[in-house]
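Peer 1: Sharing a structure with you now.
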Amino acid sequence: MIKVLHTEWSDGWGGQEIRIINEMIALRNKGVEVYLACKEESKIKEKAFENNIEVFILPFRGNIDFKTMFSLIKIIKENKINIVNTHSGKDTWVGGIAAKISGIKFIRTRHLSNKIRNSRFNFINELADFIFTTGESIRGDMIKYNRINPKKILSIPTGIDHEKFNILNYNINAEREFYGINQGDIAIGIIAVLREFKRHEIFLEAAKEIIKKNSSIKFFIAGDGPRRFIIENLIKNYSLENNVILLGHINNPERLLAALDIFVLTSDSKEGVPQSVNQALMMNTCVIATDVGSTKDLYDESNFFLIKSNDTNEIISIINGMIKNKELLEKYKLNSRNYVVENFSKNCMTDSIYKVYQQLLGTMN
């Protein structure tokens, strides 16, 4: 049996952590036994418990945390783990070295698109038996700047459940009513952790200008994080309280996406293939997203608007165009789904990861 121990240093709850949990569940359904090692305060811990995933609580104090490292070695031996899959910087060092000392396979998953230091002292990724990235741009950078063998690294974007994220399974009118959207009104939203690189201020600047001519439009911000207070103040300072609804974290993004006409992602860095953009496209939502990280991997000529980072004016222009031309809006909604279902579904992700597991362990038929 394939047994995989995932390690995660992060204590947040965003796209990275959501992918880890969904990936573990999907691979478990294929017969892989999965475990998680994380910090006591990690939000991913609770999600793992909810899904009956065995969790080991460790300090993960730094890159060279011997207590955590030797605890991981003990866990590996006692549970007969044969693959360690690491996800953040600090747990990659201790988890990767623990795997190597234990004589088992070490997989590094790189989620973020910002470049890794190319110092020779930053060699941990080179020790990995295999590397998964969440987008082609990340894969290319690691080959170019971090001396990674192209044969040992593969882009496997986060797969989305195309059955769950299917607009045909939802009552659009009921979902719009739930969010207080009047018939005929345009609803625009963003789903993203409230961190600086997501650039929510650009979303709000666009909202401020758009409602000057279209006061009935509703803007929704779903997500939570350290910049919540800043965003609340911006909404107040821009006098947007009647038009912008700050929802906080939502457990069912598909319901909000069913209610939205337009989805916007304003990130300026660190994206792999954004899960929220993939989800919105699968839900036949018109999407406007910045061309950062591997967002372009989802692009297929006419399925959404791919724009320059920080270009508030372009966002405003596109949205105003959609408001004036409902036929064009409907065209983008209809075009959005097929390409991402065929190439970025959960099944695609799961099959690709499972194949690598088999290859590494020499268990392929």
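Peer 1: Is it the case, given these coordinates, that residue 247 is in contact (Cβ under 8 Å) with a residue 12 or more places away in the chain, in contact with a Pro (Cβ under 7 Å, 6 or more places away or on another chain) and either under 23 Å from residue 226 (Cβ atoms) or not assigned by TED's automatic domain parsing to the domain that holds residue 203 (or both)?
Peer 2: Numbers: in contact (Cβ under 8 Å) with a residue 12 or more places away in the chain: yes; in contact with a Pro (Cβ under 7 Å, 6 or more places away or on another chain): no; either under 23 Å from residue 226 (Cβ atoms) or not assigned by TED's automatic domain parsing to the domain that holds residue 203 (or both): yes.
Spelling it out, it is not the case that residue 247 is in contact (Cβ under 8 Å) with a residue 12 or more places away in the chain, in contact with a Pro (Cβ under 7 Å, 6 or more places away or on another chain) and either under 23 Å from residue 226 (Cβ atoms) or not assigned by TED's automatic domain parsing to the domain that holds residue 203 (or both).
Peer 1: Residue 224 passes all but one of (1) touching a strand residue (DSSP E or B) at 6+ places or on another chain (Cβ under 8 Å); (2) under 16 Å from residue 265 (Cα atoms); (3) modelled with pLDDT of 95 or more; which number fails?
Peer 2: Status for residue 224: all satisfied but (3).
Peer 1: Kindly indicate the residue of region 313-353 that is of a type in the set (D, E, K, R) and without any contact (Cβ under 8 Å) to a residue 40 or more places away in the chain and also surrounded by the fewest Cβ atoms within 10 Å (Cβ to Cβ) among those meeting that condition. Spell out the reasoning first.
Peer 2: Going residue by residue through region 313-353, those that are of a type in the set (D, E, K, R) are 314, 324, 326-327, 330-331, 333, 337, 342, 346, 351.
Still in the list and also without any contact (Cβ under 8 Å) to a residue 40 or more places away in the chain: 314, 324, 326-327, 330-331, 342, 351.
Working: 314: 15, 324: 10, 326: 12, 327: 6, 330: 14, 331: 14, 342: 11, 351: 14.
By that ranking, first place goes to 327.
Peer 1: Tell me which of these residue 287 doesn't satisfy, since it passes every other one: (1) part of a loop (DSSP other than H, G, I, E, B); (2) over 15 Å from the mean Cα position of the chain (by Cα); (3) crowded, with 24+ Cβ neighbours inside 10 Å.
Peer 2: (1)
Peer 1: Quick check on this structure: which one of 62, 159, 95 is closer than 29 Å to residue 341 by Cβ, of a type in the set (Gly, Ala, Ser) and under 27 Å from the mean Cα position of the chain (by Cα)? Even if it seems obvious, please write down each step before you answer.
Peer 2: On the way: 62 fails: closer than 29 Å to residue 341 by Cβ; 95 fails: closer than 29 Å to residue 341 by Cβ.
The match here is 159.
Peer 1: Tell me, which helices (runs of 4 or more DSSP H) lie completely within region 1-108 with 1 or more residues that are under 21 Å from residue 270 (Cα atoms) and of a type in the set (A, V, I, L, M, F, W, C)? Lay out the reasoning, then the answer.
Peer 2: Values: elements: 15-28, 43-50, 66-79, 89-102.
Once the helices (runs of 4 or more DSSP H) in region 1-108 are filtered for at least 1 residues that are under 21 Å from residue 270 (Cα atoms) and of a type in the set (A, V, I, L, M, F, W, C), what remains is 15-28, 43-50, 89-102.
Peer 1: I'd like the full set of residues that are surrounded by 15 or more Cβ atoms within 10 Å (Cβ to Cβ), among the β-branched types (Val, Ile, Thr) and over 19 Å from residue 33 (Cα atoms), limited to region 52-72.
Peer 2: Listed by number, the list holds a single entry, 68.
Peer 1: Same structure again: Looking only at region 108-140, which residues are within 17 Å of residue 274 (Cβ to Cβ) and crowded, with 19+ Cβ neighbours inside 10 Å?
Peer 2: Residues of region 108-140 that are within 17 Å of residue 274 (Cβ to Cβ), as a first pass: 109-114, 132-139.
Residues satisfying the conditions are 109, 110, 111, 112, 113, 132, 133, 134, 135, 137, 138, 139.
Peer 1: Which residue, of 333, 270, 296, is part of a helix (DSSP H, G or I), in contact with a Leu (Cβ under 9 Å, 6 or more places away or on another chain) and charged (D, E, K, R)?
Peer 2: 296
The values are calculated or read from the model by the stated rules, or taken from the named source; none is laboratory data. All figures in this text were calculated on a predicted structure; none of them were measured in a lab. We place every Cβ from the backbone using ideal geometry, glycine too, and count neighbours over all the protein chains shown.
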